[in-house]
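This report refers to the structure that appears directly beneath it.
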Amino acid sequence: MKALVLILAKKISLLLLIATLVLPQAAFGQDDDGFDNEFALLEEELAADEIESASKHRQSIFWSPSAITVFTREDILASGATSIPDLLRRIPGFDVYEMKPSFPIVGARALTDHSNNLALLIVDGREALIELAGFAIWAALIIDMEEIERIEVIRGPGSTLYGANAFSAVINVTTVAERPETRADVLITGGEIGFRNIFGRVSDSWSLGDGTLSFSASLANGERSSPSDREEEMLQQRVRSHLYLRYQKGNSLDLSLHGGVMDGGGPLYMICGDFNAQVLNHFVMAQAKIVLTDDLSLKVQFYQVRYDGRFHYRSTFKAFEFWLADLPDFIMDTSSYDGQIQIDWRAGDWLQLIGGATVRYTSLWSDKVVAQGLSELRGAGFVQAQFQPWDVLQLTAGFRLDLNSNTEAAFSPRAVLVYRPWDDHAFRIGYALAFRKPSFIESQLHMQVEDFNPAFSEIQDKLVETIGNEAVTNEKVHSIEAGWRARFFKEKLNTSVDLFSNIYKDEIYFKAQMALDPDTGLPSIPNSDFQFENEDSLVLAFGAEGEVSLRLDENWLIWGNLGFRWVTDEDFNRLKSEPILKANLGGRWNSSQGLFVDLAFHYVSTYEMPLILPEKPFEGYITLPLGNSFLLIGRIGYLLKLGESQMETGFTIRTPLGEPFREYPGVAIERNRYSVSFSDWGGEKLHRFVTLYLKGSF
């Protein structure tokens, strides 16, 4: 498989070189009027107040049935964020905790922890998560920040449209431009903490019959080390390539082929230890959108994605000062095949109907899994109606049924009423039920390990029957939301307020309980428990999120938001692991040429989170105080236009305002027999991180 990466990398490198030399001249010689006429029949780009993710069709953000945040290409490139999670810090109430550079944690509103599996990431229509663990490996994404055209984030449940794992948020990333351009881009970045990244992309388009054929191909190579790893073992590095080919015929036909590959490594944090992982991720995808009539359209999508992982366990299995075992290196490969269809029908001016179905087959193989091969078949169907009996009122109602060969079925309804008395004001109230299905690790994983060194031979038999638990059920969240969105002063001032009340049920957790023999005082492995189970009690969350943005003129933008939450157990005792306040404040000054600045300040109030020490995984946890911290993320650069080309240089910065701090609990581990490494365990400290960059677009 690595040979595939090298061959693909060589081909695209040659393509980038040729395009850099040839395509600029072709673009300079093209008649501007002819270029515009060529794309006259294409769809207009999404306006700033238009969205698609909340209802799976284009509509005004004022009619959105969900709380939603939108990042345009301008927002993304100006932000100074070197990763998608750093950009998501700008969302009100969003949780972003950095465990390691290769393993950030992302969630929203409540229960965000190391499991990292409550937010669904979608890239160009494809779920970008690894089915093995049910979360996205953010550092293993095949796309680069420079490729992203738009991000729409649903804050809150989204299972009615997107199914499993659309639990606390849906992050919908688009890399395909609606209006293709002929261009070549090169970006060279270097900075602190061993960071470097080289990115190149070419794109072009041609008239083909009555339509337009376009393509984009990119290649990138980068790495970044962990500042807390004093042995420099935890290096995040990756080589990746991404390409697509697209044919558009006006608004009636849109066909595309996508593909990509990534080969990289870095640490992954698990409840029982720290793994140094080497992952090869590749996918192929085909999509079609066909407008059958003015009121009827069809979308079809198929993709195959595969993760090949090699894992090195960097700690020792130990309990009550007794060494249990050394866990061996292991291999895990998972592959998914997904097919989807969606039908949009406008049944008059007052009714929009959307329905669809999904089928997915996933298989997993490991040299240490008992059954050697595990599989899962999922099927789902959904229907949604948007009923608008009056110009000022819209009712969105729908449901989705998900079936699974290994776990229970899930029913996800949603009903939302939007009242828009004026064009610039909208009020929303609604209810939704969402779920997260158990991952392979949680429900099926049993380890058969024979070639390792057990101090207690019983641990070998115990691992065959434990870890995964076939009896675990879906996690569920019942959510009631209300919202208000408005704009004033000729759209210069935009505001929104969103309220939520969530009830979380059947939360999945890892039960680690080691029994001791009363006669010998030694660990009693057969009577011990370490497997995933459902929590019996409920968790309640109440909160509010408000945001405001003010565009003073075409150059100045000032924005800010605030997220408040109050999370309790079913007896209304506050969970101190949840921060009460999160605040963001930022501003941007830019022009068509010259100096530009974008700064964002992030604040999180105090909270306390538990940490299980790697040398004492069965002896409870320690609770560490966190929060009351400020973080600055920004970009300062200079843009110079040279005819049709442009050059840009500058620097990005992410730095704590004050002493370095942790966002997730962690401790320094010194070198000893049982240590993970001579490094930090858990969340690492955030230090200053500055990068310098040079970018050219031709």
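The values are calculated or read from the model by the stated rules, or taken from the named source; none is laboratory data. A quick note: this is a predicted structure, and the numbers were derived from the prediction, not measured. Using ideal geometry, Cβ is built from the backbone for each residue, glycine included, and neighbour counts are taken over all protein chains shown.
In table form, for the structure just shown:
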quantity: Those residues of segment 478-510 which are under 30 Å from F618 (Cβ atoms) and either outside any strand (DSSP E or B) or not basic (K, R) (or both), in sequence order; calculated: Y504, D506, E507, I508, Y509, F510
quantity: Residue selected from segment 211-262 under the condition in a loop (DSSP other than H, G, I, E, B) and of a type in the set (S, T, Y), by the criterion modelled with the lowest pLDDT; calculated: S228
quantity: Residue selected from segment 589-601 under the condition surrounded by fewer than 22 Cβ atoms within 10 Å (Cβ to Cβ) and under 25 Å from the mean Cα position of the chain (by Cα), by the criterion nearest to V567 (Cα to Cα); calculated: F601
quantity: Within segment 110-190, strands (runs of 3 or more DSSP E) holding 2 or more residues that are basic (K, R); calculated: 150-155
quantity: Residue in segment 194-207 that is modelled with the lowest pLDDT, counting only those that are touching a strand residue (DSSP E or B) at 6+ places or on another chain (Cβ under 7 Å) and surrounded by fewer than 17 Cβ atoms within 10 Å (Cβ to Cβ); calculated: G194
quantity: Tabulated pairs, segment 641-653, first among the polar types (S, T, N, Q), second part of a loop (DSSP other than H, G, I, E, B), C-beta under 9 angstrom, 6+ apart or interchain; calculated: S645/F698; Q646/Q593; Q646/F698; T652/S79; T652/G80; T652/A81; T652/T82
quantity: Unmet criterion (only one of (1) over 13 Å from the mean Cα position of the chain (by Cα); (2) outside any helix (DSSP H, G or I); (3) surrounded by 20 or more Cβ atoms within 10 Å (Cβ to Cβ)) for F62; calculated: (2)
quantity: Residue, farthest from T396 (Cα to Cα), within segment 451-477, restricted to residues that are part of a helix (DSSP H, G or I) and charged (D, E, K, R); calculated: E458
quantity: Enumeration of residues in segment 461-488 that are polar (S, T, N, Q) and closer than 28 Å to E547 by Cα; calculated: S479
quantity: Y419 being in a strand (DSSP E or B), at pLDDT 95 or above and surrounded by fewer than 16 Cβ atoms within 10 Å (Cβ to Cβ); calculated: yes
quantity: Residue in segment 438-446 that is buried (at least 21 other Cβ atoms within 10 Å of the Cβ) and either over 30 Å from R400 (Cβ atoms) or among the aromatic types (F, W, Y) (or both) present; calculated: yes
quantity: Check on T473, closer than 21 Å to S537 by Cβ and out of contact with any helix residue (DSSP H, G or I) (no Cβ under 6 Å at 6 or more places or on another chain); calculated: yes
quantity: Test result for L499, surrounded by fewer than 22 Cβ atoms within 10 Å (Cβ to Cβ), closer than 30 Å to A409 by Cβ, hydrophobic (A, V, I, L, M, F, W, C) and touching a residue at least 12 places away in the same chain (Cβ under 8 Å); calculated: no
quantity: Of all residues making up segment 626-636, the number that are buried (at least 18 other Cβ atoms within 10 Å of the Cβ) and either in contact with a helix residue (DSSP H, G or I) (Cβ under 9 Å, 6 or more places away or on another chain) or part of a loop (DSSP other than H, G, I, E, B) (or both); calculated: 3
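So that you can scan it fast, the table gives a plain yes or no per residue for (1) over 20 Å from G260 (Cβ atoms); (2) not hydrophobic (A, V, I, L, M, F, W, C):
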| site | (1), (2) |
| --- | --- |
| A169 | yes, no |
| V176 | no, no |
| P180 | no, yes |
| A184 | no, no |
| I188 | yes, no |
| G191 | yes, yes |
| F199 | no, no |
| S214 | no, yes |
| A217 | no, no |
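Okay, residues lined up against (1) surrounded by fewer than 17 Cβ atoms within 10 Å (Cβ to Cβ); (2) closer than 20 Å to E127 by Cβ; (3) modelled with pLDDT under 95:
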position	(1), (2), (3)
E321	yes, no, yes
A325	no, no, yes
T334	no, yes, yes
D344	no, no, no
A347	yes, no, yes
W350	yes, no, yes
S366	no, no, yes
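Yes/no matrix, rows are residues, columns are (1) assigned to a loop (DSSP other than H, G, I, E, B); (2) of a type in the set (D, E, K, R); (3) within 30 Å of the chain's Cα centre (by Cα):
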site: E533; (1), (2), (3): no, yes, yes
site: A544; (1), (2), (3): no, no, yes
site: G560; (1), (2), (3): no, no, yes
site: F572; (1), (2), (3): yes, no, no
site: K576; (1), (2), (3): yes, yes, yes
site: L585; (1), (2), (3): no, no, yes
site: L613; (1), (2), (3): yes, no, yes
site: L624; (1), (2), (3): no, no, yes
